Amino acid sequence: MSATFWVWGWCCAGVREWSFEHSDASTGPSIGSTTTRDLDGGISATVEIPRFAGDDRCVDEPARTQVIQGLELRRSLPVLLISYTEGADGGGEWAGDGLPRLAVVDRVSRHWWSQQDKEGCDAMQAKRMTGFLVCVLGAAWLSSLVADPALSAPTVKQRRELSSARRTITRASALIRRKKLDEAGKLLGEAESSIQSVIKAAKLKPTDRSVAGLLKFLELQKRQLAIRRGGKGSPMPATSISFVSDVAPILVSRCGTCHGTRASGRLRLDTFAGLARGGSSGPVVRAGNVGGSLLLQRIAATNANQRMPKGGAALTGEQIAKISAWVSGGAKFDGDGMNTQLKNLKSSDGGTPKGTPKPVTVKVVRATGNEKVSFVKDLAPTLATLCGSCHGGGNPRGGFSLQSFETMLKGSDNGRVVLPGNLEGSIIWRRVAALDKDNQKMPPGNRRITRGFYNSLRTWIEEGAKFDGESATVAMRSLVPTDEDMKAAMLAKLSPAEFNDFREKRIDELWDRVSKDDRPRFVKTDDFFVYGDVSAIRLQQLAEWADDHGKQLRTMFGEKSGQLFKGRLAVVVFKERFGYTEWNQVIHNRQTPRAMTGHAVVSPSFEDAYIVLQDVGDVVTVDVAGMKIQLIDHMTGAFLKRSGSRLPQWLIRGVGLALAAKSDAKNEHIAGLKATAVDALQGLSKPEDLFADGTFSPEQVGAVGYTLVSFMIKQGGGGRFVRLVRTLQNGTGVAASVKAIYAPTDLKRLAVAYLQSLSGKKR
């Protein structure tokens, strides 16, 4: 005799299905088979157990325990007992009403519920309506999982139309920057019509991931066009936007919590200098380029996982429009100091941001050099790290801010906290020394200051609370080494062998975050650590290609002996597209464009130095260059990024593809890059604009870069081009570098000559 239960379980992995068969309870449970079938995001299951004993709503305790032991559960799992059918002697009804019951499988005891007596049975009966409602909702959810994908997925032809629309919007963006507003408006109209046509034909929702980002990109460009025209799309003309009055207050109130002293993503937004510097993903603001500014991309993102502020409400349309207008107008700074805290920022004409209260006047006494205690060396590190978590950001506890030395002297809501020369009257000392029984000792909790800090604070106040830094208004965190600074200092001390070990461990850590269950293979050479889930033969082939190209780079750029990188360059290879896209999502928190199959990352401290590739195979087509070309392309990019200087994308991709072409002169993909470049250059109004980042889309910049770099090497020789690269790496701008290396040719003349070489016509 047996009873059959359908069990639906919800856990973080989705829904799971188990099928169990059991014999009569008198002979003991015997599990005949167990099947698990993965669906999209979920699993369903059937469980057969011995029939009820005693109360017809409860399973005999020993039988129940034995049955559940057949389930391999990793965590406590709520399940719904939807229905059951009994054996030959059973009536096939459930307590007479047919309603499901809610139960819980405990991962320790593996019982149907935690109480093991009649009370547990009654509790389950009392929850039957909850179970029924959850069942209904679960059924609806599961129905959505198995919906016909043809109703919500664009066809290949439609995806091409969307890709073409994106290129059209990109061309419109370039025209907006060149003030060709009518032409830009026409292109945006064409793109919008094309996108809406696909949405209607494919029965997509605007929030569908295949079109959501594109629609947002379109909306940004439409808004930018309206701003340039001075129309209704702009709350105010771009020229009237003040960073101090209009933009800084938004950054303080909405971004300061994560991008203040915490510096999430290595991005500081508590000073203009931090905003201009950018974070781990590079600059976040590109003057005059709304669509290319990462700051606007993130605050206007439709995907809640990508939109900033993370976990908070989205910025209002007015706030986004203000920032957009400011960027469009050139992202100009009208404050009194780039390192001044934004909340304390004054305009260069003496004004202050709108709504800013009148500041408290404090007197900063400069140190003479004869003091026993240095504020910067002895006190600032502890104040910034240990105390800054409560007394930093835009809303410091008690109104006492440690954002800067000046804000510290201004005090708290209860008045001055530091009284120079007056130890007993200084609140900061009284709290640290726990002199007031009615007030909490600082810092609170388990955090403790050192005896050295305690003594230094006392001496510093007694000596007059003097300041030995350069500016009392700069962020206090900037007075002490950042985590990145300290990490860079630690890495700088490592020997070559130690750095190699560090690189391997670092790649292991990143791999485990992406694909912990798949153990990779690896091959080592003098310069490279080739690592991935492809075959051992493939890894060895890639290692040989990397070594060969490393020799080519040494010859071209005159590299001396020793490793090309500080620590072997890691070459991470995934055999499937899924692995590469997961790396982008998990490690970089970004979506992977369809045409993207590889990229390079080299951090200034060399904590990271790797390229990540999807194995695209060796078959060459117009769309796919082949694995060897891809390796050379991105390996060259990593090589050029070693200097830490920001080089234009056309240069990085251009050098990589130009060198790759030498290894396969007849490559069909490379041969087709000229046509792609010609098409990309159609909307170019000023020749010299082709040298600016943001002019071309990621799909276009490789083709333009390849043809441009090849032209420059052909015309001026490889040696001259290498000198140009060195000059750019030293921080010189493109225009000045071209003028210095290719004199008497300037940027415009070089651009015209290049365009003529492509078209065969004089411009």
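The values are calculated or read from the model by the stated rules, or taken from the named source; none is laboratory data. Quick caveat, the model's predicted, so the values are computed rather than measured. Ideal geometry is used to build each Cβ from the backbone, glycine not excepted, and the neighbour counts take in all protein chains shown.
What the table shows:
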{"quantity": "Residue in segment 584-599 that is in contact (Cβ under 8 Å) with a residue 12 or more places away in the chain and touching a Phe, Trp or Tyr at 6+ places or on another chain (Cβ under 6 Å) present", "calculated": "no"}
{"quantity": "Subset of segment 643-669 (residues that are among the basic types (Lys, Arg) and under 32 Å from the mean Cα position of the chain (by Cα))", "calculated": "Arg646, Arg653"}
{"quantity": "Evaluation of Ala665 against (1) outside any helix (DSSP H, G or I); (2) in the same structural domain as Gly731 (by TED's automatic domain parsing); (3) within 21 Å of Asn730 (Cα to Cα) (one fails), failing number", "calculated": "(3)"}
{"quantity": "Some residue of segment 596-607 being at pLDDT below 90, among the hydrophobic types (A, V, I, L, M, F, W, C) and at positive phi", "calculated": "yes"}
{"quantity": "Residue check, Val616 within 15 Å of Leu657 (Cα to Cα) and assigned to a loop (DSSP other than H, G, I, E, B)", "calculated": "no"}
{"quantity": "Candidate set: segment 264-294, residues that are under 23 Å from Val601 (Cα atoms), in contact with a strand residue (DSSP E or B) (Cβ under 8 Å, 6 or more places away or on another chain) and hydrophobic (A, V, I, L, M, F, W, C); chosen: the one surrounded by the most Cβ atoms within 10 Å (Cβ to Cβ)", "calculated": "Leu267"}
{"quantity": "Segment 369-410 - residue that is at pLDDT 85 or above and of a type in the set (Lys, Arg) and, of those, surrounded by the most Cβ atoms within 10 Å (Cβ to Cβ)", "calculated": "Lys410"}
{"quantity": "Unmet requirement for Gln541, which otherwise passes all of (1) within 29 Å of the chain's Cα centre (by Cα); (2) modelled with pLDDT of 95 or more", "calculated": "(1)"}
{"quantity": "In segment 551-580, residue nearest to Leu657 (Cα to Cα) [restricted to those that are β-branched (Val, Ile, Thr) and either touching a Pro at 6+ places or on another chain (Cβ under 9 Å) or modelled with pLDDT of 95 or more (or both)]", "calculated": "Val571"}
{"quantity": "Selected residue (only one of Leu640, Leu569, Leu659, Leu613 is assigned by TED's automatic domain parsing to the domain that holds Met712, in contact (Cβ under 8 Å) with a residue 24 or more places away in the chain, hydrophobic (A, V, I, L, M, F, W, C) and closer than 30 Å to Gly731 by Cα)", "calculated": "Leu659"}
{"quantity": "Answer from Asp533, Asp526, Asp547, Asp501 - the residue that is without any contact (Cβ under 8 Å) to a residue 12 or more places away in the chain and not assigned by TED's automatic domain parsing to the domain that holds Leu267", "calculated": "Asp501"}
{"quantity": "Tally of residues being out of contact with any helix residue (DSSP H, G or I) (no Cβ under 7 Å at 6 or more places or on another chain) and of a type outside the set (Lys, Arg) across segment 523-541", "calculated": "8"}
{"quantity": "Residue check for Arg513: among the charged types (D, E, K, R) and touching a strand residue (DSSP E or B) at 6+ places or on another chain (Cβ under 9 Å)", "calculated": "no"}
{"quantity": "Count - residues of segment 260-283 that are assigned to a loop (DSSP other than H, G, I, E, B), out of contact with any Lys or Arg (no Cβ under 6 Å at 6 or more places or on another chain) and under 19 Å from Thr340 (Cβ atoms)", "calculated": "7"}
{"quantity": "Enumeration of residues in segment 704-763 that are assigned to a loop (DSSP other than H, G, I, E, B) and farther than 25 Å from Gly683 by Cα", "calculated": "Gly717, Asn730, Gly731, Thr732, Tyr742, Ala743, Pro744"}
{"quantity": "Single condition Asn303 does not satisfy, out of (1) surrounded by fewer than 18 Cβ atoms within 10 Å (Cβ to Cβ); (2) modelled with pLDDT of 80 or more; (3) in a loop (DSSP other than H, G, I, E, B)", "calculated": "(2)"}
{"quantity": "Hits in segment 442-494 (condition: over 20 Å from Phe400 (Cβ atoms) and either touching a Cys at 6+ places or on another chain (Cβ under 8 Å) or of a type in the set (A, V, I, L, M) (or both))", "calculated": "Met486, Ala488, Ala489, Met490, Leu491, Ala492, Leu494"}
{"quantity": "Output for segment 468-502, where each listed residue is in contact with an Asp or Glu (Cβ under 7 Å, 6 or more places away or on another chain) and within 16 Å of Ala273 (Cα to Cα)", "calculated": "Ala472, Thr473, Ala475"}
{"quantity": "Qualifying residue in segment 609-616 (condition: hydroxyl-bearing (Ser, Thr, Tyr) and buried (at least 17 other Cβ atoms within 10 Å of the Cβ))", "calculated": "yes"}
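Conditions tested, residue by residue: (1) β-branched (Val, Ile, Thr); (2) closer than 24 Å to Phe557 by Cβ; (3) within 27 Å of the chain's Cα centre (by Cα).
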residue: Leu631; (1), (2), (3): no, yes, yes
residue: Ala671; (1), (2), (3): no, no, no
residue: Glu688; (1), (2), (3): no, no, no
residue: Asp693; (1), (2), (3): no, yes, yes
residue: Phe696; (1), (2), (3): no, no, yes
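Residues are listed down the side, and each one gets a yes or a no for (1) of a type outside the set (A, V, I, L, M); (2) over 19 Å from Val364 (Cβ atoms); (3) surrounded by fewer than 16 Cβ atoms within 10 Å (Cβ to Cβ); (4) at pLDDT 90 or above:
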{"site": "Pro420", "(1), (2), (3), (4)": "yes, no, no, yes"}
{"site": "Arg431", "(1), (2), (3), (4)": "yes, yes, no, no"}
{"site": "Leu435", "(1), (2), (3), (4)": "no, yes, yes, no"}
{"site": "Gln440", "(1), (2), (3), (4)": "yes, yes, yes, no"}
